[in-house]
């Protein structure tokens, strides 16, 4: 294999866009749409999606507060590694506890906390994974928003009401936050 | 904060240098020395050291074969994320099982498997962390090389006998493998 190592222009730190919200609120949809938009612009970007991360980094962890916090801290650790190499990192994770979110976001550079928000009645209607009905029937303990707490950000950098705006408009607001033209 | 997003020249994939060997063989020492050398050349590089990774990614995992394999797979997952953004990733991890090492190295681009090798009697004399004496006394179960297996690579890309060569000479060999001048 030929050498692939060449010095890079002075490295800029990447930013971390952290999508928090209920299951079904639209975090992954927005993150994926923003990912495609940044990729299309040849910007270095990585998507850390809660479910994929659980599979690769946190198998064995459950949904107690402690396990959820551990999961969030692991995601933040990896996001930080990538960001310091100039990658914009999009994190999609319920991350329900405000203190823990604040703690990890404070360790990361130029973070943008995005509250992906839709009322419980809306996400229950969407019920993307068919889980809300089960949770409401008491069949899933520790289900965020039903049988487990969700602490909404008190002052997110961006608050997107996904029951009121389109994915496209959400992406526009995200791009603006990143200082990019829509 | 000003926008930090600028397109990057066509991204080259980084390589993963995977240091395997007994505790005390000199993996972390060599990896740290190579890290400094690449940093001095302004090359994008990251060091994933077994102990630090256990703290940040694998707290709660033990030293059963299953847990060790999970730890190795997590490190590889993170190394792969970084490498695809052009970062050379130095992994220092005992990673005792040949099959698992092979499995993860096969998923990573341009990997260099480095067998950091010193005889058990040498690492026992070094006993950097004072653990070999305890392990030999039967006080530590699952201690690699004493009460747990270490499967040496059968055909590593580089085999460094740290009881025979200096750190400096080891780094020279590593640089050559990376296609760089010493």
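Nothing in this text is a laboratory measurement; each read-out follows from the coordinates by a stated rule. Keep in mind that this is a model prediction, so the values were computed, not measured. We place every Cβ from the backbone using ideal geometry, glycine too, and count neighbours over all the protein chains shown.
Below, the figures for the structure above:
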item	result
Test: residue B:180 is part of a loop (DSSP other than H, G, I, E, B), within 14 Å of chain A (Cβ to nearest Cβ), in contact with a helix residue (DSSP H, G or I) (Cβ under 9 Å, 6 or more places away or on another chain) and surrounded by 14 or more Cβ atoms within 10 Å (Cβ to Cβ)	yes
When residues of the range A:70-99 are limited to those that are touching a helix residue (DSSP H, G or I) at 6+ places or on another chain (Cβ under 8 Å) and at the interface with another protein chain (Cβ under 9 Å from one of its Cβ atoms), the one farthest from residue B:71 (Cα to Cα)	A:88
Cβ pairs under 8 Å, 6+ apart, first in the range B:48-77 and at positive phi, second surrounded by 13 or more Cβ atoms within 10 Å (Cβ to Cβ) and assigned to a helix (DSSP H, G or I)	B:60/A:70
Extreme residue, nearest to the other protein chains (Cβ to nearest Cβ), among residues of the range A:57-69 that are within 18 Å of residue B:73 (Cβ to Cβ) and surrounded by 19 or more Cβ atoms within 10 Å (Cβ to Cβ)	A:57
Counted residues, the range B:39-76 - those being in a helix (DSSP H, G or I) and either farther than 22 Å from residue B:129 by Cα or out of contact with any strand residue (DSSP E or B) (no Cβ under 6 Å at 6 or more places or on another chain) (or both)	21
